[in-house]
Amino acid sequence: MWKKLIQSTNETISIDSSANPNAPHDEAMKTPEANTSVPQPAPKLAWQDFLPCLWMLLGVVGVFPLFAAYGYTKYQLDGVFAAVTAASVVLLAMEAALLLTILFRSSEMKIQSVLLGMFFRAGIPLVFGMLMHKAGGPLAEAGLFGMILVYYLLTLAVETILAVQLVSQTSTYKKAV
């Protein structure tokens, strides 16, 4: 019974492929070249590719005077140091996340690079802030953890927009080619 079923299936396949002359043949589909794509060389990075990092830097520097003024009015010089520390930590984390997105945006791992960037984007500032808060000291008393959280929320919006633009530009480019 199974032999008859297999034979009838094979005959049906051979009849269908002979009926359609444009249908792919079994031999052509078995070759390794038919099932693999040609690897494309990695694109060269230019200075324009790092413009999102510059935008992030300008965004952090742009709101820094507000944080420094708040820190100075409430905690004098310790508040300014807390604002500098918060800006530095958050900027480092956001730049690391953006660099991952830039470096892997034209590969098959562009979505994974954005997800790995979340580890840097959220992990570095939050862990640093919690450790500094737990350790205490003048920076912790000057509101370092709160400044980190506010910086994080402000830069998260900017970094998300930049990362989505980076990934979507590459997708549109690949579809056009």
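The values are calculated or read from the model by the stated rules, or taken from the named source; none is laboratory data. This one's a predicted model, so the numbers in the text were calculated from it and none came from an experiment. Glycine gets a Cβ as well: all are built from the backbone with ideal geometry, and neighbour counts include every protein chain shown. What goes into the accessible areas is simple: the full protein's heavy atoms, side chains included, and nothing from ligands, DNA or RNA. Shrake-Rupley method; radii C 1.70, N 1.55, O 1.52, S 1.80 Å.
Tabulated values for the structure
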item	result
Tabulated pairs, the stretch 121-147, first at positive phi, second open to solvent by less than 70 Å² (accessible area, probe 1.4 Å), C-beta under 8 angstrom, 6+ apart or interchain	Gly143/Gly71; Gly143/Gly79; Gly143/Ala82
Subset of the stretch 106-117 (residues that are surrounded by 14 or more Cβ atoms within 10 Å (Cβ to Cβ) and part of a helix (DSSP H, G or I))	Lys110, Ser113, Val114, Leu116, Gly117
Considering residues of the stretch 21-73 that are modelled with pLDDT of 70 or more and of a type in the set (D, E, K, R) only, the residue most open to solvent (accessible area, probe 1.4 Å)	Lys44
Residue list for the stretch 90-122, filter: among the polar types (S, T, N, Q) and over 10 Å from the mean Cα position of the chain (by Cα)	Ser106, Ser107
Residue check, Leu154 surrounded by 20 or more Cβ atoms within 10 Å (Cβ to Cβ) and in contact (Cβ under 8 Å) with a residue 40 or more places away in the chain	no
